[in-house]
1. Lys/Arg Cβ at +1, Asp/Glu Cβ at -1, dipole of the chain taken about the Cα centre: which of THR257, GLY50, GLY230 is farthest positive-ward?
2. Would you calculate the volume per residue, in Å³, of the smallest convex hull containing every Cα atom of segment 1-151?
3. Taking the Cα atoms only, what angle lies between the long axis of helix 399-429 and the longest principal axis of the chain, rounded to 10 degrees?
4. Excluding ligands, DNA and RNA, what is the solvent-accessible area per residue of segment 248-398 at a probe of 1.4 Å, expressed in Å²?
5. Counting only heavy atoms of protein chains, what accessible area per residue, in Å², does segment 44-111 have with a probe of 1.4 Å?
6. So how exposed is VAL218, as accessible area in Å² (1.4 Å probe, rounded to 10)?
7. Compute the angle between helix 8-25 and the longest alpha-carbon principal axis of the chain, please, reported from 0 to 90 degrees and rounded to the nearest 10.
8. Stretch THR453-ALA367 to full length: gain in nm at 0.36 nm per residue minus the Cα-Cα span?
Amino acid sequence: MKRVFLSPYVALVAGLCLRLYFVLKFPANSGDTVLYEQIATNWLKHQVYGMTVGGAITPVDLRMPGYPAFLAIIYALTGRTGADPRIWVMLAQVGVDVASCLLIAKLAALLAYESEDPAPNKRVYSVALWLSALCPFTANYTAVPLTEVLAIFWTTLACIALVVALRRVQKPDFLLRSTHLPVGKSVEYSALGGGLIVGLGTLFRPETPILLIAIAIVFGGLFFVRGTYGRWFLVCLAMALGCLVILSPWAIRNMVTLGEPQFLAPKNSNLPGELVPYGFMAWEKTWLYRVRDCYLVSWKLNEESIDVEEIPARAFDTPEEKQRVAAILEQYNNDLTLTPEEDAAFAQVALERTARHPLRTYLWLPAARAVTIWFTPRIELLPVSGHVFPLAQMREDDPVDQEVTSLFFVLNLFYVGLGIWGAGRLWRSNPGVRPAVAFLALFIVVRTAFLTTLETPEPRYVLVCFPALIAMGAQVFARRSTAQ
């Protein structure tokens, strides 16, 4: 039985079955799915990276080109476009996610690598492979055409390259067997490779360069202690150049087509000439922290009417303020289009709310958003309401719904808790790998902080942090020579 569980093939088959179960039983889509499909279809059929606006194909830059390219390849292979080949898209994502499980296991083995024992810890590798293969949160997203699966793959691969670069600061020949590369420059070459991979990941998720911010800080700590400031600059330059090389064609396309050298997709995902509702979003940031509220307000903007009575009470400090917001929404609901004047009115309400309670806007709500996106049951793609309370009533009305939600919540706690425990254990037991642990932890913290600034705090945006959590969590089960 022990050999069965140590076999990577058994873990991969289990992971494959779990993902196929989600694809066949709970296939899903979202508003972004239709957007990606439209861009990919226009790109393939009309050679225009754009959307159909007012009956005309309009070039856009509101989404990075990686996922539409992925869809276009599948469309070309299947001869179908749009929603028709979704099952093939999902099956391709299953393959990518299974490959990600192997990468996560490799990352865990790198973290377990000790100078006293040159062989990677096979136990850690197996545990990480099983944890990633059976993780329902990442597996679930193979069943929806979105960027998460590809983003997880590239993020994990980038973490491997950057962890290797960190280890080579202290030991330049780390994992180098036979190579023609000069060992003295192994850090720079590894950093360049990491930058190239981060660039590829950025083609799928524009916030992927957060990895480079985290690693640059950790590199700074290592090189500054040694007084080699110039070496730190060269390593950071290598990473930046690697990333920019990959993104340059996209920036050139935007310059030629749209008249601006845009390396990333615009933060607010607006069409050319479209009003960016800064005032409306500023108002939301004074009260919104749960994704369920996005369905009631954020995702209705310019598409559906917004009922002031459906907005949570915390959005209003006084009855008078609620009346002001109701008056603005009444004007908006007449034509379902937010005007600059209405947006300015929301901006004024946001300014007053922030002036009254600055800590609420700048501290407590971002903290609430961070807690929400990390400690949610993550059942967005499942036919489950997510309601657990009141316990007795939900137990009577829909016990299956309550049990599934509770199970996913506990599993989420397990993965997060295991990651924290493993990071602490690894930090204490292996000083040589502390820079790598610091890098992965800092990446999670910086990415979480960034996500709290978005107007729609979706829990799926932290899924790319799960490879780091799993890789560190597997260290709990390591057998270390220093402990013998």
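The values are calculated or read from the model by the stated rules, or taken from the named source; none is laboratory data. All values reported here derive from a predicted model rather than from experimental measurement. Glycine also receives a Cβ, built like all others from the backbone with ideal geometry; neighbour counts cover every protein chain displayed. Heavy atoms of the whole protein, side chains included, go into the accessibility calculation; ligands, DNA and RNA do not. Shrake-Rupley method; radii C 1.70, N 1.55, O 1.52, S 1.80 Å.
1. The residue sitting farthest along the positive end of the dipole is GLY230.
2. On the way: hull volume 19.5 nm³, N = 151.
Looking at segment 1-151, the number lands at 129 Å³ per residue.
3. So the helix axis and the longest Cα principal axis differ by about 40 degrees.
4. Values: 8370 Å² over 151 residues.
That works out to 55 Å² per residue.
5. On the way: 2640 Å² over 68 residues.
Dividing the accessible area of segment 44-111 by its residue count gives 39 Å².
6. Accessible area of VAL218: about 20 Å².
7. That works out to roughly 10 degrees.
8. On the way: separation 86, 0.36 × 86 = 30.96 nm, distance 1.05 nm.
Gain in length upon complete extension: 29.9 nm.
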